[in-house]
Structures are given as structure tokens and as C-alpha cells.
Amino acid sequence: MSFLDFLHKKEPSADNGLSSILPQDIYAQGKLNLIDTLAPTALKIGSREIELDEKFVRTFYTISYPAFLSDGWFAPIINLDKVLDISIFVHPIDTEKALHDFQKKVADVQSQVNEREHKGLVRDPKLDAAYQNLESLRDRLQQAQEKLFDVGLYITVYGNSKKELNKTEGEIRGILDAQLIYTKPALFQQEQGFRTVLPLGNDELMVESKLNSEPLSSIFPFTSFDLTSDGGILYGINRHNSSLILFDRFSLENYNSVVFAKSGSGKSYGTKLEILRSLMFGTDVIVIDPEREYEQLTEATDGRSFDISLSSEHHINPFDLPAVQEDENPKDILRNNIITLVGMFRIMLNGLTPEEDSIVDRTIAETYALKDITGEADFSNSSPPLLSDFETVLMGMEGSDSLVERLAKYTRGSWSGFINQPTNIDINRQFVVFSVRDMEDELKPVAMYIITHHIWNAIRHNLKKRLLVIDEAWWMMKSEDTASFLYSLAKRGRKYYLGVATITQDVEDFLRSPYGRPILTNSSLQLLLKQSPTTVDVLQKTFNLTDEEKYLLLESGVGEGLFFAGLKHVAIKIIASYTEDQIITSDPSQLLAIKNEKQRLDTQQE
């Protein structure tokens, strides 16, 4: 029997005489049908299961329900991490016919009650309850508040062996039995049961139970581990039930997110996909890129990339001040900037003693005063000082010899081209990337601190919906000052319509920092991708994961993991379209193929 005949329950022709077969019939039989291409090569029907190639299939059905069905009773089955198909057939019953049958049933129950009373027997609570329920339902049917339906519920499970099939069936039946919902396998009817569950719309088993509207509605819609909102971008697919994970981070209590993943697990891929989709919805995106992974995405979206290194032509002056807004006090702006600069010098000079801290604080204030920048007047149009100006003032301070000596490499030494220059960059683009790949590792925390400070000043000056992505954020967690500044961004960003996306592969260092957990707490979205055995226990404790979820993170493929939004979470698979994949891929083989194809096209045009 062909699979097409099986689906439509057609037996092959018994007449094998060549005289009755026309040439076009022979040709038609030799054609490959699409459904035969998709169908299994072999199908064996047994009394309790069907063998499809190397798979075993079993269908069973519900036979009875309890008096009351609670909402979501079917959710544990829908969200079971097993391969299964479910079909529900709902056939409305004519209300007039139902009322006629109810009249007979009510009369029958009433006669039993009267008979017991006549015999002087004790009242039967079951009969009394049945009579009251029947009368109540009959009233609601008469008032058109309810309808009655014949409902058939069929479940087909799959397994690689009969043992696995029995285990899955036992698990499902155990869940239902606990709710007083009983099932039976379609014994000697597996063929009809399998066709019933296929999306053909044919109920060949016709095993039905009568349910009124209220209990029937408890099945629909399927209550599921869905994690979605009414709008936003597509983050991925729910691995439990293939539903879409749609979220708008700017509709949540805060706009921040954290991504934890080991190297090569797809964290940058997923982040670039979110950036690409966010750009299409008008969100401005700024990225701090430690490995120059976002260069291709920048080119594809007409963004702007700034290379921050010792030999770069792009410079940021940390002494820059933001424009003073109408509701802001110049004195507060200047004070905040001085505090930020003291933190920068702690990083640059490998820490400060309390005396040095006080000297640096006074020196910064006097350096600004040298340029007529004080808290008493608007300094929006004043030229900010440079690091060399700060050094000049510092030389005149008592007890500053050690500070001057340590600062010299930034002003006159090999690192002098880094920050001792006026700012010459403009981030007034929808997509901006700061690359620090070519910066020496020792200076990366300093560079990331200065970049985030510059971004923060720009954000406060011009209110827009923005996303700040900090890749490899563990660089900023290495210093308490950079970690503190990152935490302040995450905490204060909502006021300025800013979401901060923190990405790291060094989970332990991130969480060990005193600001790691507060940043995590202030992030409405969290994404955990594939983890290494050395870090997964830390995450299990931090996120209260079950053992199954822990092993899921260990065994996940690229772009797979757990997606958290608030207290809810689901298993996620990040999926991109072909065009998106070509833009955001970090796979060296794909990048080389794209580069070669681009060179080939350029050669053809020449």
C-alpha cells in the first residue's frame, strides 16, 4: 500500500492484467508524487503501534472526564518535551435535541431519588448532585448561556523504540490520570487513530464525550510556556512548542538585558540579529565592540564605525562636558563629571591613595577653572581642557610627584596619542560602533570607560530610543570603577530611554564583581546560551535552574539556550533568515565565501 493510499484509505487495484492498463496509466504510475517523496519508505501496522521506518507511533484517546475541569489542565501535555501530535474534534449538538435527551435523563435521576425515598433509604449525595447539575445545565441551555458538544481528544506519541514509546505514554497518562481524566490506546485501531490525528480533518475513531461550553473552553487556547508580548522584535523560537518569542524591551519595567554564553555559542550572532531587527523599528543602537565583529553589520546598515586605538585618528576627550539642559544645574553637571574623571584616573594610574584621590579631585576642578568652566555659569560654549592641561595644573600641586610620573606615559609617552586630543567623532547616526580590538589589553578598560562616558553625555543631551550594547563586558567588570559606572548606566538608563545590553562569556568574573548581581537584577531580559561545565553550576544557583535546564545549557547547540523575561523563561532557538544570516554571520568560512563572491562581482564589473 502506498502512503497516499494509506492516507485516503484506498486499496491498490487487484486487476494486474496489462490489457486494462493504458500507456498513459503506466506513465502516471511511474511519476513521483510529492506526498510519496515526503512519506516514510515503509509502514507496518500492529495492534498497539505503527512502525514508520525506524520510528514507533501509538495513538490513544480520552474516554472520561471529571465533574470539573480547571483552566490549563491540558498545559502539562502541550508543553511536554516530547514529540507528539494532538487532534481535537468538536461537533456541536443541536440544543433542542440535547434538551429532549436531558428531560429523559432528569426524569430518570428523579425517579431513582423518589424510589430511594419510598423505600426509606438514606439519601445518595451522588444522585442529589447529579440531579442539581443536570437541572442547572438544562436551565443554561434553555437560556442559550451554554451549548453542548461531542468532543473527541486524540493523542499520538512517537519514539525510537517500544520502550521509549511506553515510557512517553505512561508519562502522559500519569499526568491525565492525576486529574481524573482517563485514556485508552486505540487497540487494533492504530491505523484509524493515526489518520485521525493527521491534519486531514477526519475523525475515524469517533470516540466522543459530551462537554458543555465551559469545560470545553478550558482546552482552548492551549495554555503554554509562551513568552511573548503584543509587539516588538522576534528573538527566536520557543523550543517547547515552536511558538514565537516576541518582545519589545522598551515596554518592560526596564530596558536592560544580560547575555551569558561561552565562546562560539552564538551570543554575538544573536545580539547582531537583535540589533538588525531593532534598527528596522527605528531604535538607535550604539555598540562597544572588543573584537571588531560588527564591522560587516555597520557597512550593511549604513552605520558609522570608530576605531579607538593608540594610532587611531578617532579621539575622545574625557574632559568633555554635556550641554546643560533647562532642568539641570551646571554645578551638578560639573560635579558629576569630576567624580567620573576621578574614577577614570583610578583606572589609568592603577589606583589612588586617599591623599592622591583628594589631589586629583582638586586638580580636575582647577583644570576646568583654567578654561573658565565653573558651576556658577553656563559652560556650553566653552572649550574643555585636555589631559596635558590637567598635567600642567597637577605639577603645581604639593605631593603630586608620583601622580605626575605615572601620568606621563599618557601625555608624553607611548600612550600619549590615546586621550590627550580633542574629540573629533560624531555619534549622530542610527547605528554607531566603537571598536577597541586594536587597543592594548592593558588599556581596554580605560578605553571602554571613556567611550561609555562619552556615550552617556550624548544620551543625556538628546533624548531618543536607544540600545547600548557592551560586548565582552567582563573587561569593564575587572575594575570596580568601570563596573560601578556600568551599573549606573543600567540603573539610570530608563530615564533617558536607554536600554543596556551586557554580553559576557566570563560568567564567574561578572558575578563575582560587587556590581555583577545588581546589573543582573536591573535587567528585565536575560539570555543564557550554551555553557561550559565549569560555569553552569554558578548559573544554576543564580537563576534557580532545574537539573534538566542545567543539562539543556550544557547540551545546547549554537544559538540555543534559555530566554528569561521577568520570572518566566523558556527554551529558545535563535533563527535568522538567509539575508540576515549573510549580514550578521561571524563564521570565518562564510565570511571568506562572502568576501570571495564580492571580489568576483567587482572583477566582473571592471
With each pseudo-label sitting 7 Å past Cα toward Cβ, what's the K371-E54 distance in nm, one decimal?
7.0 nm
Using a Förster distance of 30 Å, the FRET efficiency for Q110-F68 (Cβ separation, nearest 0.05):
0.85
Can you list, bin by bin at 20 Å, the percent of alpha carbon pairs in the chain, starting at 0?
15, 34, 27, 17, 7, 1
Most to least packed among 270-278, 558-566 [average Cβ atoms within 10 Å]:
270-278, 558-566
Whole-Hz couplings from phi, Karplus 6.51/-1.76/1.60, listed for the range 206-214; x for Gly and Pro
6, 9, 10, 10, 8, 10, 8, 4, 5
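Efficiency by 1/(1 + (r/R0)^6): what FRET value for A75 and A323, r their Cβ-Cβ distance, R0 = 45 Å, to the nearest 0.05? The partial results should precede the final answer.
Numbers: r = 54 Å, r/R0 = 1.19.
About 0.25, to the nearest 0.05.
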Please report the relative contact order for the chain, taking Cα pairs under 8 Å with a sequence separation of at least 6, and give it as a percent rounded to a whole number.
16 percent
Just name one of F260, P445, A483: the one whose Cα is farthest towards the positive end of the charge dipole of the chain (beta-carbon charges, Lys/Arg +1, Asp/Glu -1).
F260
7 Å from Cα along Cα→Cβ at both K465 and A129: what's the point-to-point distance in nm?
5.3 nm
Residue farthest toward the positive end of the dipole of the chain, with Cβ of Lys/Arg at +1 and Asp/Glu at -1: which of S414, G343, L187?
L187
Among DSSP bridges having both ends in the chain, what percentage is antiparallel? Round to the nearest 5.
65 percent
Dipole magnitude of the chain, debye to nearest 20 (Cβ charges: Lys/Arg +1, Asp/Glu -1, about Cα centre):
1440 debye
Cβ crowding within 10 Å averaged over residues, with 465-472, 43-50 ranked highest first:
465-472, 43-50
Alpha-carbon centroid distance for the pair the range 412-429 / the range 302-330, whole angstrom
9 Å
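Counting Lys and Arg as +1 and Asp and Glu as -1, each charge on the Cβ, what is the dipole of the range 41-217 about the Cα centre in debye, to the nearest 20?
Working: 22 positive and 28 negative charges, 81 e Å.
So the dipole magnitude of the range 41-217 works out to roughly 400 debye.
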Extended-chain gain in nm, criterion 0.36 nm per residue less alpha-carbon gap, T41 and L180
46.1 nm
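Could you grab the relative contact order for the range 41-217? Cα pairs under 8 Å, six or more apart, rounded to a whole percent. Numbers along the way, then the final one.
Details: 253 pairs, mean separation 72.0, N = 177.
Worked out over the range 41-217, it gives 41 percent.
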Between E580 and N544, the FRET efficiency computed from the C-beta separation at R0 = 45 Å comes out, to the nearest 0.05, as 0.85
Taking 8 Å as the Cα distance limit and 6 or more residues as the minimum spacing, I'd like the relative contact order of the range 317-422 as a percentage.
31 percent
Under a point spin-label approximation (7 Å from Cα along Cα-to-Cβ), what is the I425-Q590 distance to one decimal in nm?
2.7 nm
Towards the positive end of the charge dipole of the chain, with charges on Cβ (+1 Lys, Arg; -1 Asp, Glu), say which of A178, I86, S388 has the farthest Cα.
A178
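Give, in nm to one decimal, the length gained when the segment between N160 and D401 is fully stretched (0.36 nm per residue of separation minus the Cα-Cα distance).
Details: separation 241, 0.36 × 241 = 86.76 nm, distance 7.60 nm.
Extra length available between N160 and D401 comes to 79.2 nm.
None of the figures in this text is laboratory data; all of them are computed from the coordinates on show. Predicted, not measured: the structure shown is a model, and the values here were computed from it. Neighbour counts are summed over all protein chains in view; Cβ atoms, including those assigned to glycine, are modelled from backbone coordinates with ideal geometry.
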